[in-house]
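Everything on this sheet refers to the single structure shown next.
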Amino acid sequence: MKKIFLYCSIFLVLFVLPKLNADDMQDNVILQYRYGIGGGMGVSAISVNEVVSYLNLLYIPDIYSRISEFSSSIEFFGSYDHFINPNFAAGFEYSYLLGSHNISTGFGSNDFTYSYHMPLLLVHYVLGGSEYFFKFGGGLGYIFARFKEDLAALPDAIVYTGGGIGGKAQAVGHTPFGDNLFGYIGVEMRFAFPGSVHDDEGKALTDGRDDVSLNFFSFGLKFGLMYYFN
């Protein structure tokens, strides 16, 4: 995942940005459009550090089998863009991110799932050419976090929820598939601070000493389609 992120960033800097020269700006594709909608999916390397420490402490006593800090997650998103002028855009994005760990013990298989609902308000600086355009920026929002423990030793799963501020920085490239349809490829870094999470009875997720938070940091790639309206 780290290599993919690095290679895409290098490609963006060395091969894509040079296309945005002065001649291209005279025929700026962005001038044709007012707003756009779209969506897609992504993959990320995510670190939910306190959850990893919690699982390693309570469920994986063997030091050689412990869960690593970063793991993979999948994301689905929808977004809206509104061009303020040829160089700036504001928008909104809703994303759903999902990750999980499965740990087998002598009592059976234990499943641990964390998920985040992430509505964000976005602001981008826009660079446009005659065929391509790129957005650089990010945004902030309120993140809703959920952690589910489905333990083999218990009849019912336990669900913990919480929330807090989060955001991201990103670079997005758009390439045309038609007059109004554009491809979407983005690289991003996310952060969220939902803090500790609680079950329906108000009990916090804890390792026996401290509350366990669902704060996370991630970086990843996103792919999708955007339709821009004249």
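To keep it simple, each residue is scored yes or no on (1) in contact (Cβ under 8 Å) with a residue 60 or more places away in the chain; (2) outside any strand (DSSP E or B); (3) out of contact with any helix residue (DSSP H, G or I) (no Cβ under 8 Å at 6 or more places or on another chain); (4) crowded, with 21+ Cβ neighbours inside 10 Å.
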{"residue": "ILE143", "(1), (2), (3), (4)": "no, no, yes, yes"}
{"residue": "PRO155", "(1), (2), (3), (4)": "no, yes, yes, no"}
{"residue": "ASP179", "(1), (2), (3), (4)": "no, yes, yes, no"}
{"residue": "PHE182", "(1), (2), (3), (4)": "yes, no, yes, yes"}
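Confirm whether SER196 is over 20 Å from LEU121 (Cα atoms) and either surrounded by 14 or more Cβ atoms within 10 Å (Cβ to Cβ) or charged (D, E, K, R) (or both). Here the answer is yes, as SER196 does meet what is asked.
Taken together, the criteria place PHE177 among residues that are more than 23 Å from the chain's Cα centre (by Cα) and of a type in the set (Phe, Trp, Tyr).
Restricting PHE77, PHE112, PHE83, PHE92 to those that are of a type outside the set (Lys, Arg) and more than 24 Å from PHE136 (Cα to Cα) reduces the list to PHE112.
Laboratory data are not the source of any read-out in this text; all were calculated from the coordinates shown. Given the structure is predicted, the values throughout are model-derived calculations rather than measurements. Don't worry about glycine lacking a Cβ; one is built from the backbone with ideal geometry, like all the others, and counts go over all protein chains shown.
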